[in-house]
Structures are given as C-alpha cells and as structure tokens.
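Remarks on the structure that follows.
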Amino acid sequence: MSQDVQIILRNLKLADYSHLKSAMIESYPHQDVDYWEKKNIEKLLKVFPDGQLCVEVNGVVVGIALSLIINSKKFATNHSYYEITGNDSFDTHDENGDVLYGIEVFVHPDYRGMRLARRLYDARKELCENLNLKSIMAGGRIPNYKTHAKSLSPRQYIEKVQNKELFDPVLTFQLANGFQVKKILKNYLPGDEQSKEFATLLEWPNIYYEKDEGLINQPKSTVRLGLVQWQMRSHSNLESLVDQLEFFVDAVSSYEADFILFPEFFNAPLMAQFNHLGEPEAIRKLASFTEPLLDTFKEFAVSYNINIITGSMPHMVNGELKNVTYLCRRDGSYEDYHKIHITPAERSAWGVTAGNDIKVFDTDCGKIGIVICYDVEFPELPRLMADQGMNILFVPFLTDTQNGYMRVRNCAQARAIENECYVAIAGSVGNLPKVRNMDIQYAQSAVFTPSDFPFPTDGVKAETTPNTEMTLIVDVDMDNLKELHTGGSVRTMLDRRHDLYELKMKRK
C-alpha cells in the first residue's frame, strides 16, 4: 500500500455522486437490480443527511453506507426492501423512530483489502448510539446461496455460514461485525438472482440504548372521542349560545373524553338578529362573535381538561371572510384551520374565500387532521395529512339535504380506508326559520374506521340517530392502526406505487 494514502470517513454529499456511481458499477458487475440514481440519493440526503455515510481514499469516494430511521412497530418482521424504503420515496423515515435501518453498503472491489466496510459499520454503530436508537437492522443479501440452492434450503445455508462451513461475502461479514440473524425474509429484493430473492433480517443491539421511561404524558393507545350532533335552535344572545356549548362540553368531558367535536357553523342561530340585512352583511355580523367564542372555547378546554375542535365559524382575516375552525388544546394552546374548498353556495351567498394551509396538529393523543365539510370530498387533503402522520381526521360539517349529507359521509368513509385512519364527522340538525340561507339541516354524526379484521366489518365504529340532538362517545384503538399499517390484509399506504406517481404540496 502506498504510504501517501489518505482515508476520510464522512457524511455523503450530492457532489459525490459521480464517484459513488463508479464504485457502485464495479461493486455490482452482475447485479440484476437497479442501480442508485442521483435523484434517489438527493431524496435520501434531504430526509436524513446524517445517516448517509461514505469513505474516501485520496479524495475519491470508494464506499458508502446508507440508512433510514424507522419505527419498528410499523413494519412487520417479514417485510421487503421496497416496503422499508417506501418504494424509494423514503417517506418511511421517522425522526421519532427507534431503529437505524441499513439500506445499502458497498465498497469498490479495488479497495476491499483496506477494511473500509468495517469503518463504515463502526460509524453506523456510533450514529446509532448517539441517536439513542435501540438497534441497527438490515435486510442482508446472501449472494453465494445461488451456488447451493439446489442442495440446501435458505435456513440450512445460513446455519452452515454461521458455523463457518461455508463463506458468504455479505453474511459472513455481518456476523463478524456483531449482527445476529433474526429471521429469513422471502422476496426481499426482487431481481436478486444471486440470493434467490432471500435475505436475512439482521440486528445489532445498542447496549447503551436508554428507553424513555416517563411515567406520565405517554401517548395513549386508546383515545376517546366525543361528537356533538347540535340542534339548531333560536338563541337570543351570545350568553345563551355559550350556555348550550358549556352543557355539551361538561357532559362529554364527564366521560373523560380526549376530544369533543362541534359542527360547521354551529353559531348560525346568532344571525337571526341580522336577518333584516342582506346575506353577505349578516354573515359578517356573525363573524364579530368568533373571537369571543374562541376565548370561551380556550377557557373550556383548560377548565374541563378536553381538546376541543370548535366546529367552524365565519371570521374576517385581512378583509376577507374565511370559514375557520380551531383546535383548542387542554394545555391552553390553540391553532386554526381555514376551509380550503369553498362550496358554490358559500361563495355566491356570503363571499367566503378559501384558505391555503394544509397541516396536521400535534396533540397529547398523537397527530390529528381537521377539514371542514366540502374539504373531505377532495382526497388529496387527507392523504397529504396522512403522509405527515395523521391518525384521526375530524370533519365538522353542515348539510341541508340527505344527498348532501351522503356525499360527506361516503367520502369520509373512503378517507378512513385509503389513509388507514379514523374519521369523525359531526353535523347539525333541526332548522332556523328566521335565518336566511340556513333552512333545514340533515345529519347523522359518526366515527368511521379502516376496513380490516380489527375493525367493524362495515367500517362504522359508531353513529348517531339521524336528525336527533345527541352526543356520541367512541373509543378508538391506536394500536390497531399500527398493526394495520404493516400487517393488514391490504396496506394502502405502504403499497402505493411511488415509482409511477406522487402527491405533493405546491405551497409549504
């Protein structure tokens, strides 16, 4: 070896791609699977730059080690490479996960006598320890199995490699670096003829891992939802409406519910006093009550120890009329959501304008999403929220006819199935004879589930009696969602074809 050799181990950069590609081609001269493309490396560096390592010799990158952080509870032990990587989208990376998952290691064959792969593995172990992750896992190829496939089963082959009766360039190296074989993976990497598409699930335990042993404020496995099917009745003033609101908050919180959901435009009865005005003027007068109602909801959330989705209210924002709902958390904080898709009636009668923010909300029960009525009929919104970790979607709605209600209901059920989440919808019933553009209300509030074995066969967790004022108290199991994400009969989130299509926000 030349005495002028300089070896540097560091994080990979996109500018290294040309060297990386050369090393990759030499490392896999007979590989039938696809090589890493520059766009994939760019995605990896964007989602997890600290996890992408390389080693350079005299300024040339000759080896790499790529990885993601995953939540091990979200993946079945019998997974594939493409499930782990999200079909090369890498949206499976979870900053709050517990396992460092290795998705690639190779070293240019001209440099393999320098033990560079060991340096990469040692750096991975250091990263795992510094991130306080419980282990490193990987699906390991067994490239020499092709030679022995006719005489040995995968299990027999692995046992012989473990007993050092046979040599495998990948498995032998992994075992020497402290990895343990946890199980055999079938169909792990389609096209890997050398391994006959088998792989080993390998694990290196981090003995320095310290589990967060917090005794309080842990994420709940069961979340209790309270839905208010609100009766539209006359209220002479704001105080009368607030009394009715507090009645429901008190009642639902007495069942120790985590959330209470009110309907869209629940405060419309207050418009009766402005019925002599035109519709645009009347709704803007109604908007003057929104800030006092928000203050009331914030107070109720704290005093009754419940997270409140306030239902929607009109609100003037920079001279524009918005349809707004609020999440008032029981810790005193709050956030808003502006309805994004405005119905033709809202636009023509009132002049409501659309919001532009798509987001999920962090709560003490996990991540939730909120959309208002018509929004749920656009599947892109909940899908973008689900990609951000949303597990419960709340939908306050207002429908005057049964066919309008069925649009909301059927779309809400579809959102629950396609996004593997719970969807809670709450609407108003009754009528307001002295309020123009409100007419008669039709509603049947409900909580919908995905459609698989841990859930009701019809995907309806519970529902109210149609057109009757009442509350609905429902428990939803978050662990069932975790199991569904990885072990369901179908996995609509994991099985998406990211190689063919993608959904992304144009505005952040």
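What residue, of THR468, THR464, is within 18 Å of VAL423 (Cα to Cα) and among the β-branched types (Val, Ile, Thr)?
THR464
One residue alone among GLU83, GLU104, GLU129 is out of contact with any His (no Cβ under 7 Å at 6 or more places or on another chain), closer than 25 Å to LEU384 by Cα and not in a loop (DSSP other than H, G, I, E, B), and that residue is GLU83.
Condition check ((1) hydroxyl-bearing (Ser, Thr, Tyr); (2) part of a helix (DSSP H, G or I); (3) in contact (Cβ under 8 Å) with a residue 12 or more places away in the chain) across all residues:
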| position | (1), (2), (3) |
| --- | --- |
| ARG119 | no, yes, yes |
| ALA138 | no, no, yes |
| LYS150 | no, no, no |
| TYR157 | yes, yes, yes |
| PHE173 | no, yes, yes |
| GLY178 | no, no, yes |
| ASN187 | no, no, yes |
| TYR208 | yes, no, yes |
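Filter the stretch 120-133 for residues that are crowded, with 18+ Cβ neighbours inside 10 Å and not hydroxyl-bearing (Ser, Thr, Tyr); which is nearest to the chain's Cα centre (by Cα)? It comes out as LEU133. Which residue out of ILE41, ILE64, ILE25 is outside any strand (DSSP E or B) and at pLDDT 95 or above? Result of the check over ILE41, ILE64, ILE25: ILE41. Within the stretch 379-403, the residues that satisfy the criterion of being surrounded by fewer than 21 Cβ atoms within 10 Å (Cβ to Cβ), touching a residue at least 12 places away in the same chain (Cβ under 8 Å), out of contact with any helix residue (DSSP H, G or I) (no Cβ under 9 Å at 6 or more places or on another chain) and in a helix (DSSP H, G or I) are GLU380, LEU384, ASP387, GLN402. Of all residues in the stretch 253-296, those satisfying the criterion of being of a type in the set (A, V, I, L, M, F, W, C), in a helix (DSSP H, G or I) and touching a helix residue (DSSP H, G or I) at 6+ places or on another chain (Cβ under 8 Å) are ALA268, LEU270, MET271, PHE274, ALA282, ILE283, LEU286, PHE289, LEU293.
Based on this model, can you work out whether TYR374 counts as in a helix (DSSP H, G or I), crowded, with 18+ Cβ neighbours inside 10 Å and not basic (Lys, Arg)?
yes
Can you find even one residue in the stretch 301-323 that is at positive phi and in contact with a strand residue (DSSP E or B) (Cβ under 7 Å, 6 or more places away or on another chain)? Checked against the condition, which is being at positive phi and in contact with a strand residue (DSSP E or B) (Cβ under 7 Å, 6 or more places away or on another chain), the stretch 301-323 yields at least one hit. Residues that are of a type in the set (A, V, I, L, M, F, W, C) and under 16 Å from ASP362 (Cα atoms) within the stretch 300-321 comprise ALA301, ILE306, ILE308, ILE309, listed in sequence order.
So if I check each of GLU483, GLU469, which one is acidic (Asp, Glu) and modelled with pLDDT under 95? Only one candidate passes the filter, namely GLU483.
The values are calculated or read from the model by the stated rules, or taken from the named source; none is laboratory data. What you are looking at is a predicted structure, and each value in this text was computed from that prediction instead of being measured. Heads up, the Cβs are rebuilt from the backbone with ideal geometry, glycines too, and the neighbour counts pull from every protein chain shown.
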